[in-house]
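The values are calculated or read from the model by the stated rules, or taken from the named source; none is laboratory data. Values in this document were obtained by computation on a predicted structure and should not be read as measured data. Cβ placement follows ideal geometry from the backbone for every residue including glycine, while neighbour counts extend to all protein chains displayed.
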There are 2 protein chains.
Amino acid sequence: MAVYTEVSDEELEAFVNSYEIGALLSYKGIAEGVENSNYLIHTESGNYILTLYEKRVDSNDLPFFLGLKEHLAEKGLNCPVPIKNREGKNLGHLAGRPAAIISFLEGMWVRRPNVTHCEQLGAAMARMHQAGADFDLVRPNALSVSGWRPLFAMCAGRADSVSAGLGAEIEAELDHLEAQWPQNLPTGIIHADLFPDNVFFLRNELSGLIDFYFACNDLLAYDIAICINAWCFEADDMFNVTKIRALLKGYQSVRKLEASEMAALPLLARGAALRFLLTRLYDWLNVPQGALVMPKDPGEYIKKLRFHRSIRSVADYGLNG
Amino acid sequence: MAVYTEVSDEELEAFVNSYEIGALLSYKGIAEGVENSNYLIHTESGNYILTLYEKRVDSNDLPFFLGLKEHLAEKGLNCPVPIKNREGKNLGHLAGRPAAIISFLEGMWVRRPNVTHCEQLGAAMARMHQAGADFDLVRPNALSVSGWRPLFAMCAGRADSVSAGLGAEIEAELDHLEAQWPQNLPTGIIHADLFPDNVFFLRNELSGLIDFYFACNDLLAYDIAICINAWCFEADDMFNVTKIRALLKGYQSVRKLEASEMAALPLLARGAALRFLLTRLYDWLNVPQGALVMPKDPGEYIKKLRFHRSIRSVADYGLNG
């Protein structure tokens, strides 16, 4: 939940008038997204999202993020698309920040995903991976294996305050993952944050993917690994074999996984668990003064990490390697 | 800024389906209103506000609030109107709370009101006072003069921690205002919270009034007094004579003030300043753990109170009594 930047109505009206979307009729700050300020604006031509990019997003990355959404939409993927202003640009400035007006994507995220949702997610992710194949901008994944140790260094000293022995456990994980991380799997554009709140459904049909602000170039199967953690565990932390099967079935209905990708899934899921454990741990230990956002409990990802550590091969997930 | 209650999509869809407003297409928690949880929902028939009434609103008052909006809208006033569900009711239950779907009012509140805005506000307030004259439900004003001393009692001990001597100053104000408060002025339905964020404009024309959750029966001129404080001071706390003139001109273009009302304005404005000082003081001293809302600084209303205390008659405002 976040509206960080207050915008005056005069400024906002002038900004909206730099687009061909009709006059501004209303705007409301919306309680979604933690990286940026988001407003739902209503103009004579409909609903739009206005995003002001706060300092947590590197403005050098904005052409990648905005261009990617345009590219994916051109390829037929349902995602929010930046609107071009009268100068043909998809990025402007408002209240001292980079700002964009993005098309409004109908749909709602599911609080309790079921097997069908997982299967549709898999297929949509595979379509996204295919559609991204010929996108020509590149953004390395700062939160992949090489980024974890520096991130851990910023909170290592206080890790044990969250859970006894956690520092040493993460240290050992880093050693293992850095040594074993696969090098030769297919790469491409991944979303890297396909949690349920970034996947919209309408009447149980997937209606689109949103929030591409972690998208980057990385192993395609790592995107699947992130989703395994985000979609295939129940509220009681139990792993749901039926959901991972559905996720992979949906994915492979569009893009067949190579044997090496399938074999790497347990390690990638372990790495993905560590990645979200580390960012949650960092946020947990560094809540800014006056924060409007409660950080997410890192404990959930400690459990997921330990679960994947117990897995020797995909067969242990109940899958056929 | 507040979304207190998380609603599951299944619950929300079922709730929306109890109305004849088409299927739910999307919903976003909005960062407005501090008393209730508000969602902007988009259905096949357009935009609506979904309000879940949190415990700060007495559910016994809801028929008054919702009925008043219906009554005012029938009289031609622009305000959000509760939608009736398939059973003909304007109030339902969602996520364990009373909940209503309200029509979406276009417009934006002005961050920096000018003289024209003040004049339009005056006229709209007077129309509201007239339209409310034959509304048949009654709600006493718990935050009028008789309610201030009990409210002060809850924070008297810590008032001086905000400003030295504030406790004694408020005590003396209470004595004075309780003794002098006018008894025989015209009464009726007042909004009681017509701050700029509750008054919408579109292209500099007033498009409607919102947020009737403090509306009650009280002195009509007290509503004007609240607006004098909320609209006629500049950011540097200077009183703007042109704005109060415009406010009263607009009001009297619809409803002529009696001489007794005009004469009472300085005292009423002083009381209104104390009322908002007291609630801000209380909120300032009682920020709940994990609050998402920063309380408003009571200092602004200390200054306004002192200003009005220096006023002997409306002539001192630069007005003709």
Among residues of the range A:287-318 being at pLDDT 90 or above and among the aromatic types (Phe, Trp, Tyr), the residue surrounded by the most Cβ atoms within 10 Å (Cβ to Cβ) is A:Tyr301
Do you know which of the residues in the range B:44-63 that are part of a loop (DSSP other than H, G, I, E, B) and either touching a Lys or Arg at 6+ places or on another chain (Cβ under 9 Å) or closer than 17 Å to B:Gly92 by Cα (or both) is farthest from the other protein chains (Cβ to nearest Cβ)? B:Asp58
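Results for (1) among the hydrophobic types (A, V, I, L, M, F, W, C); (2) over 17 Å from B:Asn141 (Cα atoms); (3) touching a helix residue (DSSP H, G or I) at 6+ places or on another chain (Cβ under 8 Å); (4) in the same structural domain as B:Gly122 (by TED's automatic domain parsing), shown as yes or no for each residue.
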position	(1), (2), (3), (4)
B:Leu185	yes, no, yes, yes
B:Ala235	yes, yes, no, yes
B:Val241	yes, yes, yes, yes
B:Leu248	yes, yes, yes, yes
B:Ser253	no, yes, yes, yes
B:Leu257	yes, yes, yes, yes
Taking the range A:11-38, which residues are of a type in the set (Val, Ile, Thr), in contact (Cβ under 8 Å) with a residue 60 or more places away in the chain and crowded, with 21+ Cβ neighbours inside 10 Å? A:Val16
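Listed here are the residues, each with its yes/no results for (1) of a type in the set (Ser, Thr, Tyr); (2) within 30 Å of B:Pro295 (Cβ to Cβ); (3) crowded, with 17+ Cβ neighbours inside 10 Å; (4) touching a strand residue (DSSP E or B) at 6+ places or on another chain (Cβ under 9 Å).
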position	(1), (2), (3), (4)
A:Cys232	no, no, yes, yes
A:Asp236	no, no, no, no
A:Thr242	yes, no, no, no
A:Ala246	no, no, yes, no
A:Gly250	no, no, yes, no
A:Ser260	yes, no, no, no
Looking for something under 14 Å from the mean Cα position of the chain (by Cα) and among the aliphatic types (A, V, I, L, M) - is there at least one such residue anywhere in the range B:173-184? no
Listed residues A:Leu174, A:Leu194; which is modelled with pLDDT of 95 or more and part of a loop (DSSP other than H, G, I, E, B)? A:Leu194
Residues of the range B:65-111 that turn out to be farther than 14 Å from B:Val16 by Cβ, more than 14 Å from chain A (Cβ to nearest Cβ) and in a loop (DSSP other than H, G, I, E, B), as a count: 11
Assess whether B:Ala123 counts as being of a type in the set (A, V, I, L, M, F, W, C), at pLDDT 95 or above, assigned to a helix (DSSP H, G or I) and closer than 19 Å to B:Lys304 by Cβ. no
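Those residues that are within 25 Å of A:Asn217 (Cα to Cα) and either assigned to a strand (DSSP E or B) or small (Gly, Ala, Ser) (or both), I need them from the range A:26-43; list them, please. Steps first, please.
Taking the range A:26-43 as the starting set, the residues that turn out to be within 25 Å of A:Asn217 (Cα to Cα) are A:33-36.
Scanning the range A:26-43 gives a single hit, A:Gly33.
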Residue hits (the range A:40-86; in contact with a helix residue (DSSP H, G or I) (Cβ under 8 Å, 6 or more places away or on another chain) and aromatic (Phe, Trp, Tyr)) are A:Tyr53
Which condition from (1) more than 16 Å from the chain's Cα centre (by Cα); (2) away from chain A (no Cβ under 14 Å); (3) touching a residue at least 60 places away in the same chain (Cβ under 8 Å) is the one that B:Ile41 breaks? (2)
Index of the failed condition, A:Arg112 passing every other in (1) of a type in the set (D, E, K, R); (2) more than 19 Å from A:Arg275 (Cβ to Cβ); (3) in contact with a Phe, Trp or Tyr (Cβ under 7 Å, 6 or more places away or on another chain): (3)
Answer with yes or no whether A:Pro182 is closer than 18 Å to A:Ala273 by Cα and either among the polar types (S, T, N, Q) or assigned to a helix (DSSP H, G or I) (or both). no
